[in-house]
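Down below is the structure, laid out as structure tokens.
The values are calculated or read from the model by the stated rules, or taken from the named source; none is laboratory data. Bear in mind that the values here come from a model prediction, so they are computed numbers and not experimental data. Please note: Cβ atoms are built from the backbone with ideal geometry, for glycine as well, and neighbour counts cover all protein chains shown.
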Amino acid sequence: MGVLMAGCLRTEEFPVEPAITFRSFELFGDSASLVIRFTDGDGDVGLNPADTFPPYQPGGPNYSNLRIEYQELRNGVWTTVTFPQPLEYRVPNLTPAGQNKALEGEIAIALSPFSLYHYDTYDTVRYKVQLLDRALHVSNQVETTPIELP
């Protein structure tokens, strides 16, 4: 598992709640990349390694700030599947220096090896993603387009 981020400072104004959009999903043999775009008006996206005290304590609900839900298309109905280890990530602190804290960028989530992040039972899946900022504002939830597995 890995997270790759790129953010850029913009002079635009955005709401203080993070907003995300689905960008892409690509399979690369035994790995995959899920990319979302994000904006955040006050730039408080991401956590520092030392952010381990409440409300960001290990094992707590806010330790991870990027959450992914996995679903399979079963007999025409999208069904959420829970893994033994949740698909959650800690996006590192992306707050820009300077007065304008507005952020806009992309976050790429590496699903590697991909076989850990899907089951072979169904051939069409999708992922839902949500981002949480340091003020505990929760973004909208986006979903990938349906993914037909080989």
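I need every pair where a residue in the range 51-67 that is in contact (Cβ under 8 Å) with a residue 24 or more places away in the chain and within 21 Å of residue 35 (Cα to Cα) has its Cβ under 6 Å from the Cβ of a residue that is outside any loop (DSSP other than H, G, I, E, B) and of a type in the set (Ser, Thr, Tyr), sequence separation at least 6 or different chains. Within 6 Å, the pairs are 64/89; 66/89. Restricting attention to the range 121-145, the residues that are within 17 Å of the chain's Cα centre (by Cα), more than 16 Å from residue 61 (Cα to Cα) and not in a strand (DSSP E or B) total 4. Small (Gly, Ala, Ser), within 18 Å of residue 17 (Cβ to Cβ) and loosely packed, with under 14 Cβ neighbours inside 10 Å: does that describe residue 135? The answer is yes for residue 135.
Residue 39 fulfils the conditions (1) among the β-branched types (Val, Ile, Thr); (2) without any contact (Cβ under 8 Å) to a residue 24 or more places away in the chain; (3) under 16 Å from residue 134 (Cα atoms) except for a single criterion, (2).
Restricting the first member to the range 103-124 and to residues that are farther than 28 Å from residue 17 by Cα and surrounded by fewer than 13 Cβ atoms within 10 Å (Cβ to Cβ), and the second to residues that are at pLDDT 80 or above and small (Gly, Ala, Ser), the beta-carbon pairs closer than 8 Å and six or more apart or on different chains are 113/31. Only one of the listed residues (49, 96) is modelled with pLDDT of 90 or more, in a loop (DSSP other than H, G, I, E, B) and surrounded by fewer than 18 Cβ atoms within 10 Å (Cβ to Cβ). That residue is 49.
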